[in-house]
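Heads up: the structure comes next, in structure tokens.
The values are calculated or read from the model by the stated rules, or taken from the named source; none is laboratory data. Nothing here was measured: the structure is a model prediction, and the numbers come from that model. With ideal geometry, Cβ positions are generated from the backbone for all residues, glycine too; neighbour counts draw on all protein chains shown. Accessible surface areas use protein heavy atoms only, side chains included; no ligands, DNA or RNA. Shrake-Rupley method; radii C 1.70, N 1.55, O 1.52, S 1.80 Å.
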Amino acid sequence: QAAAGGGRAALRACGVHNVCRLLSRRAHGFYARDAGVAHRKNLGLLRKIMCQESTKFKNVWTTHSASPIAYERGRIYMDNYQCCITSIAQQPRLIYQKSKCAKTEKIEDALLLECPLGEMLPSPSDYKPSLIVLTVQNWLLRLSADSGEVLEKVYLAGSCCKFFRYLSWDTPQEVMIVKSAQNKLPAAARQAGIQQTVLFYLAVFQVLPLSFIGMLEINKKIFGNSVTDVAVSNGILIVMYSMGLVRLYNFKAILEQFMEQSFNLGQEFNWNGQVGVVGKYPFGLPCNIKITDTPPLLFEASSLENAFQIGGYPWHYIITPNKRKHKGVFHICSLKDNTLAKNGVQDMKCCSLEPDWIYFHPDMSGRIIHVGPNLIKVLKLKEVKNNADQMEIAEDFTIVANRENCVNNSVTVTASGRVVKKRFTSLDDDPEQETFKIVDYEDELDLLSTVAVTQIGADGRAHLDFHCNEHGSLIKSIPLKESWDVTYSHEVYFDKDLVLHIEQKPNRRFSCYVYQMVCDTAKDD
């Protein structure tokens, strides 16, 4: 009764007379005593401070390494995850440094694991961030993000598979997929006529607490001979084929229909003549999900290089027609009936070495971002006037590269009066013209970030720009101090008050540049 009375009081106080609206407002943190309100206010203040003209981003730390550098939620990992550095402090500082590991303990892949809200967990360590890593010897380890200590370890590979290599989320922070490398027979075995029917193994885990759901194989006899890759995302099994075909299956239904027996980690088992403990060496995990028949097909599409995305509202998908001449042409179609949306063919007609790219906006607005060398289009889906059954693609806003000073005349006249004609036209992504290289979205500050680069000779200059996510207007521009070579591989992370640039040079040389937000003062000047 007290709860009901409080609910009625809240309804009266905010003028809401519908329970669904009240619950929705609670979920978004509209009430002063909710933790979400304080967090939203703090992020709003941070955005205002960061976007002030007097606020600068200063290069506070630089490091170089002979091994890959990774970044996850304020932590920089080096030396194959043996060294962890926090980037949150005023000066990045060491969190832990483990002794150099042997080649047999090399980490192949990693995922950051964070505590779910509002759940009771069995161990106090479960409430702190941890790192799930996969080693070259098929061990799945859960490490403390603060100390690198091993909290849990699971041996994956029994007699079935020897090469697990990839970690991914099915449902972020809830269900994890461990995928093997593609099984390939040695040349001698192929010459002897031996056939390999199992292409991949997938091990499925629930996380926090870490529990084993099952393992299944992707078999040629079930899915066909031309399978090239598989993935699992949001409860969908995605199977890709060499001819550009993409097929979608209900992954949850597959687990329920074909699971022969469920197992718990640490449980003793007798499986197909093997006796052992689930997740312990040398037995590993049993392959307890046997797909004996082709599962019901949810959807299929043919696309160049298997490029296929789903998003928007109502649901739409993006493909490229499966012919080389259509590279760079994108079709946006309704998932319901495969009809092409009005203005659904997007083609920037770029003449460039690197292709343009397109994807659904990660802010869950249903919009689409299309990035070319000198133009970023943010598109939206809307109903066709007088036809509610059809959707059309409309331009929400555009961001244009600064090429005001670029003159590309095909005919020039020298000082002596001689006329010189160019035999070629400059590419749209000519390094000497400002070109978009990276586009990202900072969800906590609701800002769209872009990296644009101009390279004159050997010296390349880049700047990171913040744009209003709603209208596209430029809010702030941050010049990156280091030289940017367009032939190198680059990653740029914008994480609240931090900008981090990771560069990979030839011969496996890596560099990391950390910028932090500072208030510009006369002393700094």
Condition met for D347 (of a type in the set (D, E, K, R) and open to solvent by less than 50 Å² (accessible area, probe 1.4 Å)): no
Pick from the range 228-257, criterion in a strand (DSSP E or B) and in contact with a Ser or Thr (Cβ under 8 Å, 6 or more places away or on another chain), ranking: farthest from P286 (Cα to Cα): L245
Any hit, the range 77-93, residues being in contact (Cβ under 8 Å) with a residue 60 or more places away in the chain and surrounded by fewer than 17 Cβ atoms within 10 Å (Cβ to Cβ): yes
Positions within the range 54-76 being aliphatic (A, V, I, L, M) and surrounded by 15 or more Cβ atoms within 10 Å (Cβ to Cβ), in sequence order: V60, I69, A70, I76
Answer yes or no: is there a residue in the range 438-457 that is in contact with a strand residue (DSSP E or B) (Cβ under 7 Å, 6 or more places away or on another chain), free of Cβ contacts under 8 Å to residues at least 60 places away in the same chain and open to solvent by 50 Å² or more (accessible area, probe 1.4 Å). yes
For the structure I just gave you, tell me whether D525 is within 27 Å of L45 (Cα to Cα), of a type in the set (D, E, K, R) and at pLDDT 95 or above. no
Please go through the range 94-111 and give me each residue that is under 23 Å from the mean Cα position of the chain (by Cα) and either surrounded by 17 or more Cβ atoms within 10 Å (Cβ to Cβ) or at positive phi (or both), ordered by number. I107, E108, A110, L111
Can you confirm whether the range 493-504 contains a residue that is outside any strand (DSSP E or B), out of contact with any Cys (no Cβ under 6 Å at 6 or more places or on another chain) and over 23 Å from I88 (Cβ atoms)? no
Identify all residues within the range 443-476 that are modelled with pLDDT of 95 or more, of a type in the set (S, T, N, Q), out of contact with any Leu (no Cβ under 7 Å at 6 or more places or on another chain) and assigned to a strand (DSSP E or B); write none if there are none. T450
For the subset of the range 220-265 comprising residues that are open to solvent by 50 Å² or more (accessible area, probe 1.4 Å) and touching an Asp or Glu at 6+ places or on another chain (Cβ under 8 Å), which member is modelled with the lowest pLDDT? N234
Considering every residue within the range 296-306, establish whether at least one is under 30 Å from A157 (Cβ atoms) and in a loop (DSSP other than H, G, I, E, B). no
Residue by residue through the range 24-53, note down the ones that are modelled with pLDDT of 75 or more, in a loop (DSSP other than H, G, I, E, B) and open to solvent by 100 Å² or more (accessible area, probe 1.4 Å). E53
C512 fails exactly one of the following numbered conditions: (1) buried (at least 19 other Cβ atoms within 10 Å of the Cβ); (2) closer than 21 Å to G44 by Cβ. What is the number of that condition? (2)
Strands (runs of 3 or more DSSP E) contained entirely in the range 308-398, each with at least 1 residues that are over 21 Å from the mean Cα position of the chain (by Cα) and in contact (Cβ under 8 Å) with a residue 24 or more places away in the chain: 329-334, 340-347, 375-384
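One line per residue, one yes/no per condition, for (1) aromatic (F, W, Y); (2) open to solvent by 30 Å² or more (accessible area, probe 1.4 Å); (3) touching a Pro at 6+ places or on another chain (Cβ under 7 Å); (4) free of Cβ contacts under 8 Å to residues at least 12 places away in the same chain:
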| position | (1), (2), (3), (4) |
| --- | --- |
| A157 | no, no, no, no |
| F164 | yes, no, no, no |
| L167 | no, no, no, no |
| T171 | no, yes, no, no |
| S180 | no, no, no, no |
| K184 | no, yes, no, no |
| Q191 | no, yes, no, yes |
| Q196 | no, yes, no, no |
| A203 | no, no, no, no |
